[in-house]
Structures are given as structure tokens and as C-alpha cells.
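The next block holds one structure in the form of C-alpha cells; read it before the comments.
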Amino acid sequence: MKAYGPLIKKIRLSKHCTQKEVYSGVTSRSFYAKFEAGEYAIEASKFKRMLENMNMSEPEFFFLYDKENPANKRITIRDVLDSYYDFNLHSVDKLLVIHRDNKTSEISSDRLISSAAYALAWSLKPTIDHWPLVNLREYFTRLESFSLLELELFITTFFIFFDDEQQMEPLLSKAIAAATTWRSLNPDLIDRLIGALYVNMIQLLITNDELEKAACLDKKLLDSFTDSSFSLTTQLYFTFFKAFLAEDREQVKNILCLLKTNDRQAYTILRKIIQSTAFRKILDVSS
């Protein structure tokens, strides 16, 4: 954190704080002076306490740091996911650039970012070359539990395990455990992710025609969240999934109409799925 000291000083002066007000209870005056000058690094926990002494959060600090040092801004998993969620004409190109810029890095987290970016680019444009997913698959497999961000990335890239039946069940169990753990922290995000998982299961059905496997996953999810109240969109995903299993064309059409009125993004995602050739082979629904 050597590079952060000068910006801390700039923020401190803008707030008319003394050095002592910032380093008090954290470190010594001499150490702090050298940190401000960019000569010393500091532990993350102490750095956070300094920011708290200036009534500033870490996201606020790094937002300012990235604005002042655009060349030093490191791409994160959050950036990869945000590029994917944009769903615009440039999303694939942005993701492929992230993949290219990080794939040969000596830092393992950068290589993970590269794999995630390529996987999501492929999901948006399956005609590009087969993606290198070994790093991403191994990463999820060796984790004992998922952080909230890891859970989001796993669900978003769940399709990479469609051909790995042995891994899918234990990974889904870890995802459900994480969703249960983090739901009280961010219920809206967990609700959206569970809905996204159902969309992925629909894609599993049309990719591999695995009706029995998808039905088992459905039961596992509903058994784990029986006491949860989900949003209208997520409930419609559930109903869409069951209508698909039951080959209920009329119900599928009704759900699409409801989503078209209430959630355009969800409608676009499901409409794209039912327009696929694979879907029409199982359930022919005009859109």
C-alpha cells in the first residue's frame, strides 16, 4: 500500500484533519509520516482504521484512487461480472480484452479473472473458440465455501459444469449453503442469483436433455428455501421451469407475457432461450 499514502494525505488535508487525527490508535507519528510520503506500506486492517478516522469507507477511497491513477486500476471479478451484465453490443469485446490482458499473468487471481471473462464471453457468443476453463473449474472445486462474490460468479458460470455430473452435485450443495448464509446480508442479490440458477438449469435441460437431473436440482433448491419469500421474477422463473418440465406451452406463454410487463431483462433472457433450436425440439413455443 505504498502508493496509497500520498492520496491519504491529500484527502486528510481536504478534510482539514491533522496527522494525529488520522494515525491515532493505529500507528506511530514517524511511521505515518513515511506512509504519507509513499515510503512505507501498511497492513490492510490498519489502513481501514485510518480511513475510519477520516469517516471514509474503503470503496470511497478506491474510487478516488482509481480516478487519480487510471493506469494502475486492476480489473476485478466485479468488473468482469458488470461487463457481462451490461448485455450490450460491446460486452463480448470487453470480456475478451479482459481475458487477453490477464491470461499470461503470474498472479493466480488475474488468471482466474481471465478464465471467468472468457467463459462469460463464450456464453454471450458461443461461436468463438472453446474457452480455457481449467483454472476456473479447479478454483470452484477446491473452495470449501463461497464468498458472496464467488457465489455470484459460480452461478453466472454454472454452465461450465454441465458436462461434469460428479462435480455438479457437491458444487450446488456449496452454492445453496452459501446462499443460505449470505441471504440476510443481501436478500435481493440472493433472490436474483437463485432465479439465475433456474435459468441455468433450463439451459442445462436444452443442452443435454437432462430432465431427471434438472428435476432433482429443482427439488434440492426448493427444499433448501422453503421458508423464503422470493420476488415475482424469481417465482416466475420457478413456474417457467416447471411448465417447461411439464411441456405446458400455454403456461410458458403466460409467464413470458407477465415478464414482458414486469421485468424486461428477465423477459429478454427467457425469450432468447426459447428461440434456440434446442429448446424448440423439446417444447415448440412461438415467441
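The values are calculated or read from the model by the stated rules, or taken from the named source; none is laboratory data. Quantities reported herein were computed from a predicted structural model and do not represent experimental measurements. When we count neighbours, we look across all protein chains shown, and the Cβ atoms used for this are built from the backbone with ideal geometry, even at glycine. Heads up: the accessible areas ignore ligands, DNA and RNA and are worked out on the full protein's heavy atoms, side chains in. Shrake-Rupley method; radii C 1.70, N 1.55, O 1.52, S 1.80 Å.
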(message) Among Asn254, Asn102, Asn135, which one shows the highest mean-square fluctuation when the chain is modelled as a Gaussian network with alpha-carbon springs under 10 Å?
(response) Asn254
(request) For the chain, just the Cα atoms, rotate onto the principal axes and tell me the three extents in Å, largest first. (result) 72, 42, 36
(request) Pick out, from Ala37, Met50, Thr268, the residue whose Cα sits farthest towards the positive end of the charge dipole of the chain, with +1 on the Cβ of Lys and Arg and -1 on the Cβ of Asp and Glu. (result) Ala37
(message) Compute, for the stretch 77-155, the length of the dipole vector about the Cα centre, with Cβ point charges of +1 (Lys, Arg) and -1 (Asp, Glu) only. Units Debye, rounded to 20.
(response) 200 debye
(message) Suppose R0 equals 22 Å. What FRET efficiency, 1/(1 + (r/R0)^6) with r the Cβ-Cβ distance, do Asn254 and Lys219 give to the nearest 0.05?
(response) 0.40
(request) Could you give the size of the charge dipole of the chain about its Cα centre, using +1 on the Cβ of each K and R and -1 on the Cβ of each D and E, expressed in debye and rounded to the nearest 20? (result) 1060 debye
(request) Mind putting a number on the dipole of the stretch 32-115 about its Cα centre? Charges go on the C-beta only, +1 for Lys and Arg and -1 for Asp and Glu, and I need it in Debye to the nearest 20. (result) 160 debye
(request) Would you kindly derive the ³J(HN,Hα) couplings of the stretch 40-46 from the backbone phi angles with the Karplus curve 6.51 cos²θ - 1.76 cosθ + 1.60 (θ = phi - 60°), listing them in order in whole Hz, with x for Gly and Pro? (result) 10, 9, 9, 5, 4, 5, 6
(request) Positive end of the charge dipole of the chain (Lys, Arg +1 and Asp, Glu -1 on Cβ, about the Cα centre): tell me which of Ile113, Ile155, Thr239 has its Cα farthest that way. (result) Ile113
(request) Towards the positive end of the charge dipole of the stretch 1-85, with charges on Cβ (+1 Lys, Arg; -1 Asp, Glu), say which of Pro6, Val80, Leu64 has the farthest Cα. (result) Pro6
(request) Could you pull out the pairs from Lys67/Lys94; Lys10/Lys48; Lys94/Lys242; Lys103/Lys125 whose alpha carbons sit more than 25 Å apart here? (result) Lys94/Lys242
(request) Just the number, please: carbon plus sulfur as a percent of the accessible area of the stretch 1-119, 1.4 Å probe, no ligands or DNA/RNA counted. (result) 52 percent
(message) If I build a Gaussian network model for the chain, linking alpha-carbon pairs within less than 10 angstrom, which residue out of Ser30, Ser145, Ser173 has the largest mean-square fluctuation?
(response) Ser30
(request) Grab every C-alpha pair in the stretch 65-112, bin the distances at 10 angstrom width from 0 up to the longest one, and report whole percents. (result) 25, 50, 26, 0
(message) Please return the longest range in the chain lying between exposed loop sites, taking GluC sites (Glu not before Pro), DSSP loop only, at most 13 other beta-carbon atoms within 10 Å, and leaving the sites out.
(response) 145-246
(message) Over the chain, with a Gaussian network built from C-alpha contacts below 10 Å, which listed residue (Phe161, Phe238, Phe35) shows the highest mean-square fluctuation?
(response) Phe35
